[in-house]
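One structure is given here, and the rest of the page talks about it.
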Amino acid sequence: MQASKLRLQVSVSGHVRANITFPASAAANLADLVPPDVSAQLSRQGIDAGEVAARVVANAFPIGDLFNLNSGEKQVRIWLE
């Protein structure tokens, strides 16, 4: 099933600080949407937002998590729904 929305949620100490919805097609530009500090943390974990975006496009925007990042008090979740 193809997703219609790209969702991004940032929580700090369990409180949602950002909850943003984009059209699913925005996932093609995921590397541009991910904040630099989050991108750096993903890189340290061997995750490349550009590669994730390419995989999502190649698979026609499948529904599901793209990644979850937990770093102490800050949690970032990006998914397609």
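The values are calculated or read from the model by the stated rules, or taken from the named source; none is laboratory data. Predicted model, so just to flag it, every value in this text is computed and none were measured. All Cβ positions, even for glycine, are placed from backbone atoms using ideal geometry, and neighbour counts span all protein chains on display.
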Quiz prompt | Among residues of the range 28-81, those that are surrounded by 11 or more Cβ atoms within 10 Å (Cβ to Cβ), outside any helix (DSSP H, G or I) and either among the acidic types (D, E) or touching a Gly at 6+ places or on another chain (Cβ under 7 Å) (or both), counted | solution = 5
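Quick check, is V34 within 11 Å of L69 (Cβ to Cβ), in contact (Cβ under 8 Å) with a residue 40 or more places away in the chain and not acidic (D, E)?
Details: within 11 Å of L69 (Cβ to Cβ): yes; in contact (Cβ under 8 Å) with a residue 40 or more places away in the chain: yes; not acidic (D, E): yes.
Taking the combined requirement at face value, the residue satisfies it.
Answer yes or no as to whether V16 is modelled with pLDDT under 95, out of contact with any Lys or Arg (no Cβ under 6 Å at 6 or more places or on another chain) and assigned to a strand (DSSP E or B). Walk me through how you get there before you give the answer.
Details: modelled with pLDDT under 95: no; out of contact with any Lys or Arg (no Cβ under 6 Å at 6 or more places or on another chain): yes; assigned to a strand (DSSP E or B): yes.
Here the answer is no, as V16 does not meet what is asked.
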Quiz item: Can you name the condition, by its number, that R44 falls short on among (1) over 14 Å from L69 (Cα atoms); (2) free of Cβ contacts under 8 Å to residues at least 12 places away in the same chain?
Solution: (1)
